[in-house]
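For reference, the structure is listed below as structure tokens.
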Amino acid sequence: MPALVNYSGDDDLYPGGSFRPNPIDLGRLYTIGSSYDVYYPPSKRARISTPFIFETLESEQDQKPSIDVLPEECLFEIFRRLPSGKERSSCACVSKRWLMLMSSISKAEISLPSDTEMISADEDQDIEGDGYLTRCLEGKKATDVRLAAIAVGTSGRGGLGKLSIGGSNSARGVTNIGLSAVAHGCPSLRSLSLWDVSSVGDDGLSEIAEGCHMLEKLDLCQTSSITNKSLMAIAEGCPNLTTLNIESCPKIGNEGLQAIARNCPNLQSISIKDCPLVGDHGVSSLLASASNLSKVKLQALNITDFSLAVIGHYGKAITNLALSDLHNVSERGFWVMGVAQGLQKLISLTITSCRGVTDASIEAMGKGCANLKQMCLRKCCFVSDNGLVAFAGAAGSLESLQLEECNRVTQSGVIVALSNLKTKLKSLTLVKCMGIKDIDVDESMLSRCMSLRSLTIRNCPGVGSASLAVVGKLCPQLQVIDLTGLYGITDAGLLPLLENCEAGLVKVNLTGCWNLTDNIISALSRLHGGTLELLNLDGCRRITDASLAAIADDCLLLNDLDVSKCAISDSGIAVLSSARQLSLRVLSLSGCSGLSNKSVPSLKKLGRTLVGLNLQNCNSIGSSKIELLMESLWRCDILA
């Protein structure tokens, strides 16, 4: 110590000095602790102060080497040179930043090194793929991050073929960024559906048009930010488009449809609903140019007679046509559509709530559509018996006729129409037709309709026993009858219909016919037990265990039975379970208050063949018993 004090050389004491000429290098290897006074041989004095050296050392210690310090341009160049989809997916899992950056790389921007081209041939093919994968995002799951993950993840697994996005997340919903990721990573996309995604605009859909040239189907519903610009981009970028559905898109109009008409020659199906900017120019251009168009649906549009005239002249390839709520189309428009003779291939025609459908126009459509097989009229209040009879006489190929809320049509018109269609008509459906009521009909003046196989009369309160008796005599080959909501019919009225069905009934629906009793079910089982496969007695309150006994004895092929809200008890279920020939697949006992825990053993026995059992609102059956039943019948889908 005295030697250090009396030392007379040039060396000085430096607080916190270092034994090495470069203290910074030492700091990279050792942790520098507290400051000490250190003596060391003479050396060149440092040009910077010691405190600055300590600050530099501490900052370099805290800053760890990381690839995240690289700018996105550098990461982009690295990512696009990854050899396969597997490596790209792995990198996308590192962070959200990497995921979004990876999803921004398009197929054209991927660059493979020359020495890995042969090795990565399979992976490179997977980038495009066949597009057989399907993804659906709804509600909270519909975000840009999930879309980016789908875009990156599916590129190496066969390719995304179908994408549906609905009910976007209000906080972090799908935007143009998400669609851009899909456009870059999913060139194999063939079907895109957007529903209620207001934050997606023209930029996003334009990216799809630029990157997904294989797109064949596009559904746009309640996309308020998408305009004609998007449709024009789709028309130019996706010439293979075959199906276009547009609903409640207030900014899409004629210009977009005209672009589709010019550039999409393969268009086969078009549906446009509730788009106020769509008018005659857009619809007529589309129909006149798309020579392969086979399915057309127009609903709640501001079109006039002109558009229907174009349909009648140029719709030579149309097979399915649906027109609804076209309030600006008059009788002349429908009449011209019929007499133009252009709808020779039309098979199915559905018209709903159109004031222009009258007796004259419906007759013209019957004459002009020679191959029409299915006709459905809903809420056409100006069609009467005269128009229906004239149409039936003109439409010689008609196989299915459906009338809903056509209140000017009466029983006389229906029966005469059946006589006119006696060789072709296979199905007749009447729903809420208030004008149909029981009247006396001279059956000797009418021809029998030997072709009719299915009769449906739902919620027509005027239809009673007399009407059913006439139908039974005119249509002896019925196999399917649906009389839902006909609370006025009785056993006496239904029995003639059952007795005249020579072919044997296969499906019978008597839902809500609460005046029917066990007697008619016994007759039904006796007459048609050898062919009956489905029987629905939901809400028939006068049906008891006696009906179940008749079913157990006579119904050999029955596999679907619904006795919901009927007056059955545990005894009836026991009888049903004891039938050896019965092999029920579906049994509905909903709302049967007479059932208790005593039915559980019988239900287990029936459950050997059941795949569906409905015990909802059977309050007398305890929850513990139902749980045991579920454990025992694990193959059966039980609703309770």
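The values are calculated or read from the model by the stated rules, or taken from the named source; none is laboratory data. Keep in mind the model is a prediction, meaning the values are calculated, not measured. Positions of Cβ are generated from backbone atoms using ideal geometry, with glycine treated the same way; all protein chains shown enter the neighbour counts. Areas reflect the complete protein model, heavy atoms only, side chains present, ligands, DNA and RNA absent. Shrake-Rupley method; radii C 1.70, N 1.55, O 1.52, S 1.80 Å.
List of remarks:
- Relative contact order, whole percent, for segment 410-503 stands at 28, derived from Cα pairs under 8 Å and 6 or more residues apart.
- Ranked by how many other beta carbons lie within 10 Å on average, peptides 265-277, 542-554 from highest: 542-554, 265-277
- Leu326 contributes an accessible area of around 0 Å² to the protein surface, as traced by a 1.4 Å probe with all chains present.
- Mean separation of Cα contacts under 8 Å (6+ apart) over length of segment 257-318, as relative contact order %: 40 percent
- The lysines whose alpha-carbon is closer than 20 Å to the alpha-carbon of Lys422, local same-chain residues fewer than 8 away aside, are Lys367, Lys373, Lys473.
- Accessible-area value, Trp335, 1.4 Å probe, nucleic acids and ligands omitted, Å²: 110 Å²
- The lysines whose alpha-carbon is closer than 29 Å to the alpha-carbon of Lys251, local same-chain residues fewer than 8 away aside, are Lys140, Lys141, Lys162, Lys217, Lys229, Lys273, Lys295, Lys297.
- Per residue, segment 410-503 exposes an accessible area of 40 Å² to a 1.4 Å probe, with every protein chain left in place.
- Of all DSSP beta bridges confined to segment 410-503, the antiparallel ones make up roughly 0%.
- Lysines whose Cα lies under 23 Å from that of Lys598, excluding same-chain neighbours fewer than 8 positions away: Lys565, Lys625
- Whole-angstrom gap from segment 409-461 to segment 550-607, using each part's C-alpha centre: 35 Å
- Between Ser224 and Ala523, the simple spin-label model (points 7 angstrom out along Cα→Cβ) gives 5.9 nm.
- Long-range tail of P(r) for segment 410-503 (Cα pairs > 21 Å, %): 21 percent
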